[in-house]
Amino acid sequence: VPMGVLSCMKYLMFIFNVLVFAGGTCLAGVGVWVAVDPAGFQDIVASKTVLSAGAYLLLALGIALALLGFLGCCGALRRSRALLLV
C-alpha cells in the first residue's frame, strides 16, 4: 500500500472522529440543558418523567460518543490499533 494512501486514511479517520466527538459533545450539552431547564421543554413532552429520563439518556449517549471520538482521534494520530478498535 503506498504511503500516500495511508496518510490520507489517517487524516480521514481523524476528521471522522473529530465529527463524532463534536456530535457527542453537542448531544451531552443538549442533555444537560434539558436536565437543568426542563420548563422550556414541557411544551414538547407532556410527561415530566419521560423528559427527565430522556435528558439523562441524551447525556449518557453524548458522553459515550465524545469519549469514543476522543479515543478515535488519539488512535488515528498515534496509529494505535488498540485505541482504534475501542
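Among 58, 19, the sequence by solvent-accessible area, most first, with a 1.4 Å probe is 19, 58. Among the listed values [x] 1.03; [y] 0.96; [z] 1.22, the one matching Rg/Rh (Cα atoms, Kirkwood Rh) as calculated from this structure is [z]. Subtracting the Cα-Cα distance of residue 18 and residue 85 from 0.36 nm times their residue separation leaves 22.5 nm of extension gain.
For region 3-82, the solvent-accessible area of protein heavy atoms averages 68 Å² per residue (probe radius 1.4 Å; ligands and nucleic acids excluded). Relative to the longest principal Cα axis of the chain, at what angle does helix 48-78 sit, 0 to 90 degrees, rounded to 10? Approximately 10 degrees, to the nearest 10. Relative to the longest principal axis of the Cα atoms of the chain, helix 3-36 runs at roughly 10 degrees.
For the chain, the carbon plus sulfur part of the accessible surface works out to 76%, probe radius 1.4 Å.
Think of it as helices only: each DSSP H run of n ≥ 4 in the chain is worth -39500 (n - 2.57), and spread over all residues that comes to -28500 deg cm²/dmol at 222 nm. As a test question: what accessible area, to the nearest 10 Å², does residue 8 have when a 1.4 Å probe is rolled over all protein chains in place? Result for residue 8: roughly 70 Å² accessible. Pairs of Cα atoms nearer than 8 Å and 6+ residues apart set the relative contact order; for the chain it is 39 percent.
The values are calculated or read from the model by the stated rules, or taken from the named source; none is laboratory data. What you are looking at is a predicted structure, and each value in this text was computed from that prediction instead of being measured. Ligands, DNA and RNA are stripped out before the accessible areas are found, and what is left, the full protein with its side chains, is counted by its heavy atoms. Shrake-Rupley method; radii C 1.70, N 1.55, O 1.52, S 1.80 Å.
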